[in-house]
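Visitor: Structure incoming, see below.
The values are calculated or read from the model by the stated rules, or taken from the named source; none is laboratory data. Values in this document were obtained by computation on a predicted structure and should not be read as measured data. Reconstructed Cβ throughout: ideal geometry from the backbone, glycine too, with neighbour counts over all protein chains shown. The accessibility values were calculated without ligands, DNA or RNA, using every heavy atom of the protein model including side chains. Shrake-Rupley method; radii C 1.70, N 1.55, O 1.52, S 1.80 Å.
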Amino acid sequence: MPTTTRVPQEERSRAMRQRLLDATVGLLIEKGYAGTSTTLVSQRAGVSRGAQLHHFPTKVQLVLAAVEHLREQRTAVLAEAIEDLPRGKKRIRAVLTILGDHFAGPVFAAALELWVAARTDDALHEAVAAYEQRLGRETHRLTVEVLGADESEPGVRELVQATLDLCRGLGLANTLADDGFRRRKILDRWAVVLEEGLR
């Protein structure tokens, strides 16, 4: 008689949560915040509505957890890319490529959906504002670190922030059409400015 291996409840729960988060991210990117409903999420994840509500009682909780999940994945990819950064003159341009791709990717698209929705939704606004503060600090710190920037020098902090604002703006432009060619040209020029400013 064959024996069946039982998957521990904690592992099943983690797998279900993972499916819910992946389904939410996919819907946010495809349909936006307004088009993402908890019913659609549970259908796409293959999870009962009751199980979904057990893990995430509200849409806001579900969506924020999904974006955080995506951020963690993207941070891991960024960390891996940073390990392969070249030394010397090509480093600054390589950092800008990583940041440009990051802000043109799905994390930013999903976050942008939340920003727009949070403008008129008080509960979502409070949660998104706190999330964005933490993400902003983390991205700034990482950028300072990989650029080897000394923020005690006058103007360096502003240069780092301008770099992030520029990449964020280029990411916004990319949401309407593939803006990769223009983004590369702008970042080529910004690399020269940044290298001069950080010297």
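Visitor: From the list LEU28, LEU62, LEU96, which one is closer than 23 Å to GLU126 by Cα, touching a Phe, Trp or Tyr at 6+ places or on another chain (Cβ under 9 Å) and open to solvent by less than 20 Å² (accessible area, probe 1.4 Å)?
Guide: Going through LEU28, LEU62, LEU96 in turn, just one is closer than 23 Å to GLU126 by Cα, touching a Phe, Trp or Tyr at 6+ places or on another chain (Cβ under 9 Å) and open to solvent by less than 20 Å² (accessible area, probe 1.4 Å): LEU62.
Visitor: Oh, and also: So if I check each of GLU11, GLU30, GLU68, which one is over 30 Å from ARG182 (Cβ atoms), of a type in the set (Asp, Glu) and modelled with pLDDT of 85 or more?
Guide: GLU11 is the lone residue from the list that is over 30 Å from ARG182 (Cβ atoms), of a type in the set (Asp, Glu) and modelled with pLDDT of 85 or more.
Visitor: For the range 96-154, which positions are among the small types (Gly, Ala, Ser), at pLDDT below 90 and not in a helix (DSSP H, G or I)?
Guide: Matches in the range 96-154: GLY105 only.
Visitor: Looking only at residues that are of a type in the set (Asp, Glu) and farther than 11 Å from ARG93 by Cα in the range 170-195, which one is most open to solvent (accessible area, probe 1.4 Å)?
Guide: ASP178
Visitor: Now, a different point. Could you figure out which of (1) open to solvent by 30 Å² or more (accessible area, probe 1.4 Å); (2) part of a helix (DSSP H, G or I); (3) within 25 Å of ARG182 (Cα to Cα) isn't true of PRO86?
Guide: (2)
Visitor: Quick check on this structure: which one of LEU112, LEU135, LEU176 is within 30 Å of TYR33 (Cα to Cα) and either over 15 Å from the mean Cα position of the chain (by Cα) or basic (Lys, Arg) (or both)? Before you say what the answer is, go through the steps one by one.
Guide: Numbers: LEU112 fails: either over 15 Å from the mean Cα position of the chain (by Cα) or basic (Lys, Arg) (or both); LEU135 fails: either over 15 Å from the mean Cα position of the chain (by Cα) or basic (Lys, Arg) (or both).
Result of the check over LEU112, LEU135, LEU176: LEU176.
Visitor: Given the criterion at pLDDT 95 or above, open to solvent by less than 40 Å² (accessible area, probe 1.4 Å) and under 13 Å from PHE103 (Cα atoms), identify the matching residue among LEU159, LEU164.
Guide: Result: LEU164 is the single residue among LEU159, LEU164 that is at pLDDT 95 or above, open to solvent by less than 40 Å² (accessible area, probe 1.4 Å) and under 13 Å from PHE103 (Cα atoms).
Visitor: Across the range 36-45, what is the number of residues that are free of Cβ contacts under 8 Å to residues at least 24 places away in the same chain and either open to solvent by less than 10 Å² (accessible area, probe 1.4 Å) or touching an Asp or Glu at 6+ places or on another chain (Cβ under 9 Å) (or both)?
Guide: So the count comes out to 3.
Visitor: Assuming ALA118 fulfils every condition listed in (1) open to solvent by less than 40 Å² (accessible area, probe 1.4 Å); (2) touching a residue at least 40 places away in the same chain (Cβ under 8 Å); (3) of a type in the set (A, V, I, L, M) apart from one, which condition is it?
Guide: Here ALA118 meets the rest and fails (2).
Visitor: Taking only the range 10-25 into account, find how many residues are under 21 Å from the mean Cα position of the chain (by Cα), open to solvent by 30 Å² or more (accessible area, probe 1.4 Å) and not basic (Lys, Arg).
Guide: Counting residues in the range 10-25 that are under 21 Å from the mean Cα position of the chain (by Cα), open to solvent by 30 Å² or more (accessible area, probe 1.4 Å) and not basic (Lys, Arg) gives 2.
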